[in-house]
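*Asks:* Below are the structure tokens for one structure; questions will follow.
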Amino acid sequence: MRHKRIGRKLGVVTKHRRAMFRNMATDLFRHESITTTDPRAKEIRRVADKMITLAKKGTLQARRQAAAFIKDKDVLKKLFSELAEKYKDRPGGYTRIIKMGYRKGDNAPLSIIEIVQEDYKPKKKKKTTKKTTAKKTTETKKSTKKESAEELGLIEETATGAVAAAAATDEVVETVKETKSTDTPEIKEESNTEEVDTTAETEKISEEKAEVKAKTEKEEIQADVAEDTEAKAETPEEEIQVTAETNEETADTEEVADESPKTDESPEEEK
């Protein structure tokens with residue numbers, strides 16, 4: 001079993017394999033694309049990505065590590081100057097493999113490995129709220145429950161349960177209607193009380209209006225009396241004549257009373 005055995009041997013010795021990867025990686029960084037077999041291209045991609053990550057660090061230790069693998073100084077300079085700046089924002093995926101079919105002689109699968117030339121454009125992450133995540137989890141749970149019910153053949157039982165629930169809701173609606181019909185007299189009594197309250201308020205308003213009218217009438221009468229007194233005060237001669245006439249009339253009445261015969265004789269004197 002191949003547990004923890006990373007990489008392909010490619011039918012060569014270890015020294016041969018290491019030298020082959022060194023030469024192919026330098027050619028890839030120099031020409032930026034090479035054609036080789038599919039398994040070799042997959043192995044070179046691992047090495048090339050590692051060299052570019054070391055170049056992005058830009059430290060002296062990273063430069064020494066890369067120089068131990070790549071012996072060409074011009075390629076090493078290009079790696080730490082041009083390619084490091086080009087891929088400084090890209091988090092990974094510096095190379096691309098394109099399948100080219102099969103070779104004519106031995107029918108080996110060919111592929112092109114090249115360095116990515118496009119600029120990196122980061123995708124905008126959608127903001128996920130707690131509500132959306134909760135809804136998604138509930139939907140997934142419901143879908144899994146339905147699938148399990150379909151597998152076990154319990155959908156018919158759920159349909160009968162739904163019919164029973166609909167019948168129960170109809171019964172509840174009928175009971176609510178009956179209760180509403182029984183509660184109508186109470187509603188009428190409440191409406192009657194409201195009408196009585198409104199009539200009492202109208203009666204109070206009419207009484208207040210009547211009081212206001214009475215006050216205005218009293219004020220008008222008092223004003224008329226005040227005008228009459230002022231008019232009397234302006235004509236004192238007429239008042240004097242009227243008092244003289246009244247005095248004469250009282251004197252005449254007194255004389256008539258004196259002339260009337262006295263009828264108050266006692267019975268003893270008659271005897």
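*Asks:* Taking every pair of distinct Cα atoms and averaging 1/r, then inverting, what Kirkwood hydrodynamic radius in Å comes out for the range 45-93?
*Replies:* Details: mean 1/r = 0.0941 Å⁻¹.
Kirkwood radius, the range 45-93: 10.6 Å.
*Asks:* If Lys and Arg each add +1 and Asp and Glu each add -1, what is the summed charge of the other residues whose beta carbon sits under 15 Å from the beta carbon of Lys121? Display every interim value, and only then the final one.
*Replies:* Numbers: positive: Lys86, Lys88, Arg90, Lys123, Lys124, Lys125; negative: Asp89, Glu118, Asp119.
So the surrounding residues net to +3.
*Asks:* Please state the shape class of the range 14-115: rounded when a/c is under 1.5, otherwise prolate if a/b exceeds b/c and oblate if not, all from the C-alpha gyration tensor. Intermediate results must be reported in sequence, preceding the final value.
*Replies:* Values: a/c = 2.47, a/b = 1.68, b/c = 1.47.
It is prolate, given that a/c is not under 1.5 and a/b is the larger ratio.
*Asks:* Quickly work out the Glu203-to-Arg2 label distance, labels modelled 7 Å from Cα along the C-beta direction, and quote it in nm with one decimal.
*Replies:* 10.6
*Asks:* Report the trypsin sites (Lys or Arg not before Pro) located in the range 23-87 that are in a DSSP loop and have at most 12 other Cβ atoms inside 10 Å of their Cβ, or state none. Walk me through the intermediate numbers first.
*Replies:* Values: sites: Arg30, Arg40, Lys42, Arg45, Arg46, Lys50, Lys56, Lys57, Arg63, Arg64, Lys71, Lys73, Lys77, Lys78, Lys86; in loops: Lys71.
Qualifying residues, ordered by number: Lys71.
All of the numbers you see were taken from the coordinates with simple rules; none came from a lab. Predicted, not measured: the structure shown is a model, and the values here were computed from it. As a convention, Cβ positions derive from the backbone with ideal geometry for all residues, glycine included, and neighbour counts pool all protein chains shown.
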